[in-house]
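Bear in mind that the values in this text are calculations on the coordinates, not laboratory data. Keep in mind that this is a model prediction, so the values were computed, not measured. Cβ placement follows ideal geometry from the backbone for every residue including glycine, while neighbour counts extend to all protein chains displayed.
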Amino acid sequence: MVENLSKEQLINLHDAAIVTWPEGKKKPKTKHLSDLKGAGALSGAFWGLLFGLIFFIPIFGMVVGAAMGALMGSMSHVGINEDFIKSVRSKVTEGTSALFLMTSDAIEDRVADAMKQFKFEIIATNLSKEEEKKLHETFAEEEAAPAR
């Protein structure tokens, strides 16, 4: 599905991760699809921080209140605001799963049309060019240094 969107040039896929939350489990499982490498790939630290804010901090409660504020601030400066986090948190619950995509150049109406055949909801946030730049400066995968 995502591969077809990319082939049809409806999206430019940079990175992806999957969250699955099996019935009866207290927390979800997450998997960074690290085989997606390239200029747009983000580090596992980004996905860990994002999923921590969405799924794991609520489990541990507000014992980490000050730290929570700092983490939210670090994500909001790259365009991922509290409303987006709350929206995902309310919709990705036990017995559900989610595919998180980092894309650019999406033709949103055509992507939405292509997805109508599947039974899922698209939750999206759009980053400004400045937020996208900050995101990559903060979380981009480090290029391996050439061997000597």
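So what's the net charge close to Leu5: Lys and Arg +1, Asp and Glu -1, counting the other residues with Cβ under 12 Å from its Cβ?
Working: positive: Lys7, Arg110; negative: Glu3, Glu8, Asp105, Glu108, Asp113.
Local charge sum for Leu5: -3.
If you add up the charges near Ile54, with Lys and Arg at +1 and Asp and Glu at -1, over every other residue whose beta carbon is less than 13 angstrom from its beta carbon, what do you get? Local net charge: +2. Within a straight-line Cα-Cα reach of under 18 Å, Lys25 can be paired with the following lysines, leaving aside sequence neighbours fewer than 8 residues apart in one chain: Lys91. Taking θ as phi - 60° and the Karplus parameters 6.51, -1.76 and 1.60, the scalar couplings of the range 86-95 work out to 5, 4, 5, 4, 6, 9, 9, 10, 3, x Hz in sequence order, x denoting glycine and proline. In summary, the lysines within cross-link reach of Lys134, defined as a Cα separation below 20 angstrom excluding same-chain residues under 8 places away, comprise Lys37.
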